[in-house]
1. In region 58-67, which residues are under 16 Å from the mean Cα position of the chain (by Cα) and surrounded by fewer than 20 Cβ atoms within 10 Å (Cβ to Cβ)?
2. Can you find a residue in region 44-52 that is under 21 Å from residue 95 (Cβ atoms), at pLDDT below 95 and more than 14 Å from the chain's Cα centre (by Cα)?
3. Going through region 121-166 one residue at a time, which ones are farther than 22 Å from residue 79 by Cβ and surrounded by 15 or more Cβ atoms within 10 Å (Cβ to Cβ)?
Amino acid sequence: MNAFSQAVYSEEPSILVGMANSSPMTGDADIVTVESRFGVFEFDRNLCIRLPKGLLGFSDFSEFGITPIPNETLAPLLLLQSIESADLTFVVRPYDTGTGLIEEKDIAEAFDALSIDVGVGSIVLLTTFHRTPQGLQQSVNLRAPLLIDSDSKQAWQYIFRNDRYDVRHMLG
């Protein structure tokens, strides 16, 4: 498990600052407080990740904090919260390579293309919820995961050029 994954799964993640009670988008030079629809979060800018190209459809936003969803029953889901806009939040889940949903060779090629050392690289999948007759179901975007370099705290949304991976892969 690399540093980013350890931070995400630890009880006091080093990449997360925690919760705060303050007004939206305030803070001193290094701490930013964001009041989103999911709650109030305080992020240390030095620990946030930077997406130089942003996310698809959201290229104007490049700084994000990652924090657990305040509802423990939704673990391991996380929030990818823009620190530039309180209204921009994505639900993500750490990718477990043991699932084999993405072929190892494709992961290695993606990390190589982005010059991310596999030892410090992590993957999170954008997650969406769908109301179905069977209840609420989750899907993940396997075609365009977010690859994170935990050393540089930079991330890129990598788009696989093949059709092996669904944009809306339903989870069981």
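The values are calculated or read from the model by the stated rules, or taken from the named source; none is laboratory data. Worth saying up front: this structure is predicted, and the values here are computed from it rather than measured. No Cβ is skipped: glycine too gets one built from the backbone with ideal geometry, and neighbour counts run over all protein chains shown.
1. 58, 59, 61, 62, 63
2. So far as region 44-52 goes, no, none of its residues is under 21 Å from residue 95 (Cβ atoms), at pLDDT below 95 and more than 14 Å from the chain's Cα centre (by Cα).
3. 160, 165
Listed here are the residues, each with its yes/no results for (1) in a strand (DSSP E or B); (2) at pLDDT 95 or above; (3) more than 24 Å from residue 44 (Cα to Cα); (4) not β-branched (Val, Ile, Thr).
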| residue | (1), (2), (3), (4) |
| --- | --- |
| 102 | no, yes, yes, no |
| 109 | no, yes, yes, yes |
| 116 | no, yes, no, no |
| 126 | yes, yes, no, yes |
| 131 | yes, no, yes, yes |
| 138 | yes, no, yes, yes |
| 143 | no, yes, yes, yes |
